[in-house]
Every structure is written in structure tokens, then in C-alpha cells.
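Chemist: Dropping the structure in here first, questions after.
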Amino acid sequence: MKFTLSEFTLFVLPTRTRFPFRYGIASMTDVPQVFVRAQVLSDGRRQAGLAAEGLPPKWFTKNPSTTFEQDLPEMLAAIRHATTVAAAVARQPVTFFDLWRELDRQQTAWAAARGMAPLLAHHGVSLVERAVLDALCRALGEPLHRLLRRDILALDLGSIYPELAATAVGESLPREPLGACAVRHTIGLGDPLTAADVTPEERVDDGLPQDLESSIRAYGLRYFKIKLTGKGDVDLPRLERIVALLDREAGADWLVTLDGNENFRDFETFRAYWEAALAWPALRPLWPRVLVVEQPVHRDRALIDEVGPALRVWADRPRLIVDESDGAVGDVPRALALGYAGASHKNCKGIVKGLANAAVLHDRRRAGGDVVLTGEDLANLGPVALLHDLAMMALLGVTHVERNGHHYYRGLSMFPKEWQDAALAAHGDLYRRHEQGFPALQVVAGRLDLGTVNAAPFGVSPAFDPSVFERLD
């Protein structure tokens, strides 16, 4: 299928979290939600597509010397450049894969000349991918997983990674997308563990749980992602409290992932931290329940040559995956060669790259490798970004996914009533009307039902109009 692109338009909705989300070196409160609308022309028909993303502080780049006000123009520059390039590339009819390949090439070169981090640069590419895919799925009246099975997008995985030359994208995916997924609840660095940890000044009385204990009781959670500071005197006593709470509230089968948040300068430092943690008596019940440790070493040093020898001599290391270090094509195979056990998928890191990475990991597993693809969150907020992300997780076969947008935001209350009503009407398995009137994510027994997500064009049934928000000119 070939198409052209006529224009892209950007809109913004300012949002504020219910309470601060502390991760790494940042604390997230005020977040602009950016909407990218594409206009696709194919067979004489015009179809709009929409993508969305919050722009959080200090994730796409982790430079402590700059402010969010300094970082935000770079985030927007990456998006604007990607939309400008995409519109120029698709002035003449192109396939989706040809558009992505040329856009990725030009965005990579532009970012390198500018000194921009690959993770940030390719966020612009990912928003173009999602907006165009949303339009193509709507134009064809089919969900994304069917377009992939039918090879409508003409993806050539072998041109990304030669080892995939004989691999069709559908071979590495489940026959059908998953009908449900478990929610892996984020325990942020500043999140209260019990109601007693919340001071009167910090308390949020908005009808949703705030502390970990209340969240487990409200949602039936069994999977968790625990953020680490990298400081043993801070983390280990907190982990002890968390383990005791999970044993008490989350049943017998709870599992966790640990997020190193890039807080360690090298693997020698992380190994010393890990071995001190293993020696902490009260944490012995934790270690058999740890599925992976995510991105312990800073992205600037996580894929350097010295990592390989450091991991080879650490035979009993935990299962390690990269997240922020997966900024460009080639990073995941590089990570596997060094000794990592896999990577995360986030839509903000790219759709085509994510599919190619999933295929690489699938082939390594088929050859006997103990590797994993996880699903991580960027405080995704419905009714667009979250549903696009869930649609990808379902077709990739990711059984439990970090989800925190519903925890740090008050449902869809920040959107116009028309958007709220449309989301409830179209996705009644995913959202419920909260007692206070706003749509809230419907987490039942720790799981999300993905039936309407899988049936929708790209996860999202309503054709939302972002022009109700401020235009970014």
C-alpha cells in the first residue's frame, strides 16, 4: 500500500499529575501532552491519524545541569523535524516502511550533527509512525495486528538486521494479540507505601488510591516495578517495607521488576550494591520474585566495551535489560552481545524498531537463549497514547506491562466531556465511569481487558479531534 502525506499539525494540552512521580533525577508534576495529527492520502481518499505523548522531564535526556524549560524546546524540535522530513519524503507515494527507513536515516543524521541524544531524536520518529499508522488502519478499517499479518506495511526486517533476512514480521508475533494483560504497578521513589505515610498536606482526595497498599486493594495487583535510588542506605530499608507489604497484601504469587534508573556509573558499582542487598536478611524472600533488573548503568556507559568483561565474570548476575540505552537501531543486538538478557518496548522508542527488536529476541529464544522483551511505561495517558501502547503490547505478546498513567493522573478527567464520553462508549471494557463521573482505567484482579483495543484500528476506536486544544505554531 502506497500513500502520500499532506501535512502534520501539532497541538498541546497542559496536564498536572495527582501527586509528584519521582523517578531517577526527576520529579514529574506538570506535563504537556502533545498531539500529532497526520493527513494521509491514498487511492484518492484523505484520512486523518492521531498520535499523542506526554513530555516528561529527564527521561529522553538525563542531563542534571539543564532545566525542563531548557529541555522542552529540544523535545519539540525533534518532533517538528521528524514531521517536516516525513511530509517531504511522502510528497510522492511511498510504502510505510520506505517512509520509516528514510525518516529514520535523516533524523539520525540531523540529531548527530546537532549533538542530540538518539532516544530523544527517535521519539519524533515514533510519533510520526503512530500518527501515520493510525490513519492507515482507519483508512483500511483494520487493526494494526492484521495489517502486519497481511504485510500491508511492507516491513523488511532483514534490511534493519541482516540476521532477520528470512524472517517475516508475523513469524515473531503471537497468532492473535493477547486478550488481556496484567498491570505491573510502578512504585515511584516518592510514592507512599501506606496511608499512614501520607501527610495531611500531601493527601489527595480525588476518589482514587494514592498509596501502594490502597492500590493493591483497589486493583488486585500482583506485578510491581520498584524504582531504586542506587543508595543502599535508602533503598534496602524501603525494599524491606515493600516486601513485607506485598507479602501481606498481594497474595502468594506476587512478582517484581527492579528499575536501576541509570543510577550506577558502572557494573562494578552495581555489583557491589547488589551483593550488599543480597546479604540483607529481610530481603531474602524478594530475590526469587525478581524477573529482571532494568537499566542499572547510565545510558552513556551501559553499552561501552568494558561492560562485556564485567558481565562475563559475574556469572550469577540477575537478568539485566536495557531501556533508555535502546535509543537507536542496533542497540539491542549490541546489548545482547555484551551480556544483557533483553530490552523493553515503549512506543516512544519506535514502532518499527520495536518490531525488529522483538523479532531478534524471538529468534534468540528459539535458538535457546534466555532473553526477554518487557513492556514499560512513560506515564501513558489515554485515550490515545495508552491505547496505542496497549495495542502494541498485545500484538507483541507482552503478558504484564508497567502501567502508571492511571495512578499519577486522575483518569481522563483533564479531557473534554466529548472525549470522555466517546472513550467510555467505545472502550467500556478498558474504562469505567468513576463514581465521581470521570472515566477511570478498569483494572480488575490486576488485569486489563484488551478486547476493544484489539478490535479498533490502532487500539483507538473514536476519531478524536485535537483541534479543541492549543495549536503549536
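The values are calculated or read from the model by the stated rules, or taken from the named source; none is laboratory data. Keep in mind the model is a prediction, meaning the values are calculated, not measured. Backbone-built Cβ (ideal geometry, glycine too); neighbour counts: all protein chains shown. Side chains are part of the model used for accessible areas, which takes the heavy atoms of the whole protein and leaves out ligands, DNA and RNA. Shrake-Rupley method; radii C 1.70, N 1.55, O 1.52, S 1.80 Å.
Chemist: Report yes if residue 230 is at pLDDT 95 or above, more than 27 Å from residue 265 (Cα to Cα) and assigned to a loop (DSSP other than H, G, I, E, B), otherwise no.
Modeler: Spelling it out, it is not the case that residue 230 is at pLDDT 95 or above, more than 27 Å from residue 265 (Cα to Cα) and assigned to a loop (DSSP other than H, G, I, E, B).
Chemist: Related question: Is the range 191-202 home to any residue that is under 24 Å from the mean Cα position of the chain (by Cα) and not in a loop (DSSP other than H, G, I, E, B)?
Modeler: no
Condition check ((1) over 22 Å from residue 376 (Cβ atoms); (2) polar (S, T, N, Q); (3) surrounded by fewer than 16 Cβ atoms within 10 Å (Cβ to Cβ)) across all residues:
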position: 160; (1), (2), (3): no, no, no
position: 171; (1), (2), (3): yes, no, yes
position: 183; (1), (2), (3): no, no, no
position: 186; (1), (2), (3): no, yes, no
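Chemist: Do you know which residues across the range 383-415 are under 13 Å from the mean Cα position of the chain (by Cα) and not aliphatic (A, V, I, L, M)?
Modeler: Answer for the range 383-415, where residues must be under 13 Å from the mean Cα position of the chain (by Cα) and not aliphatic (A, V, I, L, M): 388, 389, 400, 402, 403, 404, 405.
Chemist: A further question follows. Determine which member of the set 124, 170 is of a type in the set (Gly, Ala, Ser), within 17 Å of residue 353 (Cα to Cα) and modelled with pLDDT under 95.
Modeler: One residue alone meets the criteria, 170.
Chemist: Which residues, counting only those in the range 190-215, are open to solvent by 20 Å² or more (accessible area, probe 1.4 Å), over 14 Å from residue 409 (Cβ atoms) and among the aliphatic types (A, V, I, L, M)?
Modeler: Residues satisfying the conditions are 195, 196.
Chemist: Of all residues in the range 336-365, which are farther than 24 Å from residue 403 by Cβ and of a type outside the set (D, E, K, R)?
Modeler: Once the filter is applied, which keeps residues that are farther than 24 Å from residue 403 by Cβ and of a type outside the set (D, E, K, R), the range 336-365 yields 336, 337, 338, 339, 356, 359, 360.
Chemist: Check every one of the helices (runs of 4 or more DSSP H) wholly within the range 67-142 and list those with 3 or more residues that are under 21 Å from residue 54 (Cα atoms).
Modeler: By residue number, 68-89, 118-140.
Chemist: Related question: Can you name the number of the only condition in (1) more than 30 Å from residue 413 (Cα to Cα); (2) modelled with pLDDT of 95 or more; (3) open to solvent by 10 Å² or more (accessible area, probe 1.4 Å) that residue 251 fails?
Modeler: So the condition that residue 251 fails would be (2).
Chemist: Here is a follow-up. Return the total of residues in the range 393-421 being assigned to a helix (DSSP H, G or I) and either open to solvent by 10 Å² or more (accessible area, probe 1.4 Å) or under 30 Å from residue 175 (Cβ atoms) (or both).
Modeler: The qualifying residues number 11.
Chemist: Further, regarding this structure: Take residue 271 and tell me if it is among the basic types (Lys, Arg) and assigned to a helix (DSSP H, G or I). Lay out the reasoning, then the answer.
Modeler: Numbers: among the basic types (Lys, Arg): yes; assigned to a helix (DSSP H, G or I): yes.
So residue 271 passes the test.
Chemist: Give the residue, chosen from 53, 102, that is crowded, with 19+ Cβ neighbours inside 10 Å, acidic (Asp, Glu) and within 29 Å of residue 159 (Cβ to Cβ).
Modeler: Answer to the selection: 53.
Chemist: Name the residue, out of 424, 390, 378, 386, that is modelled with pLDDT under 95 and either in contact with a Cys (Cβ under 9 Å, 6 or more places away or on another chain) or part of a helix (DSSP H, G or I) (or both).
Modeler: On inspection, the qualifying residue turns out to be 378.
Chemist: Same structure again: Could you run through the range 1-11 and say how many residues are within 24 Å of residue 469 (Cα to Cα) and either open to solvent by 20 Å² or more (accessible area, probe 1.4 Å) or out of contact with any Leu (no Cβ under 8 Å at 6 or more places or on another chain) (or both)?
Modeler: Here the count works out to 4.
Chemist: Separate question: From 312, 301, 319, 366, grab the single residue that is open to solvent by 10 Å² or more (accessible area, probe 1.4 Å), over 30 Å from residue 432 (Cα atoms) and touching a strand residue (DSSP E or B) at 6+ places or on another chain (Cβ under 8 Å).
Modeler: 319
Chemist: Of the residues 39, 33, 47, which single one is within 19 Å of the chain's Cα centre (by Cα) and closer than 23 Å to residue 388 by Cα?
Modeler: Working: 39 fails: within 19 Å of the chain's Cα centre (by Cα); 47 fails: within 19 Å of the chain's Cα centre (by Cα).
On inspection, the qualifying residue turns out to be 33.
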